[in-house]
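The values are calculated or read from the model by the stated rules, or taken from the named source; none is laboratory data. Treat the numbers as computed from the prediction; the structure is a model and nothing was measured. All Cβ positions, glycine included, derive from the backbone under ideal geometry; neighbour counts span all protein chains shown. With ligands, DNA and RNA removed, areas are computed over all heavy atoms of the protein, side chains included. Shrake-Rupley method; radii C 1.70, N 1.55, O 1.52, S 1.80 Å.
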Amino acid sequence: FPSHDTLPYFIRFEANLFMMLQRARLIFLFVLWFQSITRQSFHLSHIDVEQGLPASSVRSLLEDQRGFLWVGTFGGGLARFDGTSWRAIPREKTRFSSTINALFEDQEGNVWIGTEKGPGIISASGFVDYDAQSVLSHIQTKVYGFTQGRDKKIYIATHQGLVSFDGKRAVFDTSSG
């Protein structure tokens, strides 16, 4: 392979130009990266009872499809933030439990509430879904989480095991393993 000095001038010029462009790109990217990290400013706010939360110990969070922030607390119940103010959700909508362990929004926009006394539902229109509540009232144990399967069933993680709910009936998973 010929040495750099023995190559024709135009090839040496192109090689040097290529290296200069590579260095310039690298410097440009470094400057952009440095500016991006030095421009970031973080603003942290502490939200507590004084700002409108029903209790200071937060157990669960959910931002729903409409942009509301739902906050489940330990001992204070459920609250919803609309971007301006906090609104406490009455305890009768949360199965009379003041400890909210889990929050979940299903594909229809219903908010599922996991409490110490079982699951609850607030429909997308903001009212308690009493038909579903009556079926779910048989689940009287701590609820830790929810998910919705491809089959559109809601799966409920409880202290006593997994429950599937198809909109009409709730079934405990009694399979082994």
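Convex hull over the Cα atoms of region 65-139, averaged projected area in nm²? Mind dumping the intermediate values first?
Numbers: hull surface 18.6 nm².
Quarter of the Cα hull surface area: 4.7 nm².
For Arg80, Arg59, Arg23, the ranking by accessible surface with the largest value first comes to Arg23, Arg59, Arg80, using a 1.4 Å probe.
Sort 45-56, 111-122, 26-37 by the packing proxy (mean of other Cβ within 10 Å over each peptide's residues), most packed first.
By packing density, highest mean first, the sequence is 111-122, 45-56, 26-37.
Using the Cβ of Gly76 as centre and a radius below 12 Å, the other residues enclosed give a net charge of +1, where K and R count +1 and D and E count -1.
What the Cα atoms of region 32-169 give is an Rg and a Dmax of 17.0, 59 Å.
Once neighbouring chains are kept in place and the probe is 1.4 Å, which whole percent of the accessible area of region 35-125 is contributed by carbon and sulfur? List each step's numbers first, then the result.
Values: 2530 of 5050 Å².
Using a 1.4 Å probe with all protein chains present, region 35-125 comes out at 50 percent carbon and sulfur.
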